[in-house]
1. List the residues of segment 4-20 whose backbone N lies under 20 Å from a point placed 7 Å from the Cα of residue 106 along the Cα-to-Cβ direction.
2. When the chain is fully extended, how far beyond the present Cα-Cα distance does residue 126 get from residue 83, taking 0.36 nm per residue of separation?
3. What whole number of Å gives the distance from the Cα centroid of segment 104-134 to the Cα centroid of segment 63-93?
4. For residue 188 and residue 161, FRET efficiency with R0 = 22 Å and r from the beta-carbon atoms, rounded to 0.05?
5. If I take R0 = 35 Å and measure r between the Cβ atoms of residue 67 and residue 153 in this structure, what FRET efficiency does the formula 1/(1 + (r/R0)^6) give, to the nearest 0.05?
């Protein structure tokens, strides 16, 4: 089980709908409503590295798959997220809209809240895993420069290096950027989910 959180409008639902869609073509035009409460998604991931009897790599259709449940916590629940974490929840994807600098203070508060909750779950146990996921990164030119500055601001405002160091015994933190529109980062997200789910 993986938990996914982030403030309203960060892009959680779109990302999870894309991850759980088994079709080759994902309809990006579909209307997505904000999640009220909690939503559950099943993400089917191929287990890579398997070989056939003749020694050749298996094709996509031949690979065994792992079905992983991802539980999305709606942004409207942010104040109550800690109460939605189960004792066994040690894997979190925290989604940040890289285009929306105006909400960074709010993001910072909820990120620290989630980090502390995750650290408490992992104390004395196996390390917890957190993926800080910057969404909506499909910009170019000057907008792309602003986007990269926002990502840097997020890291600074979250005091990410300090928090990571503070919790290094309990939490392993990774960062990725993604876009539903050009599918940037999706193979890496799937890889993270699969690696962390097989622990």
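1. In segment 4-20, the label zone of residue 106 (backbone N under 20 Å from the point 7 Å along Cα→Cβ) covers 4-16.
2. Working: separation 43, 0.36 × 43 = 15.48 nm, distance 2.09 nm.
Separation in residues times 0.36 nm, less the Cα-Cα distance, equals 13.4 nm.
3. Each part's Cα centre sits 12 Å from the other's.
4. Values: r = 21 Å, r/R0 = 0.95.
Here the calculated transfer efficiency is 0.55.
5. Details: r = 37 Å, r/R0 = 1.06.
The formula returns an efficiency of 0.40 here.
We did not get these values from a lab; they are worked out from the coordinates using the rules stated. This one's a predicted model, so the numbers in the text were calculated from it and none came from an experiment. With ideal geometry, Cβ positions are generated from the backbone for all residues, glycine too; neighbour counts draw on all protein chains shown.
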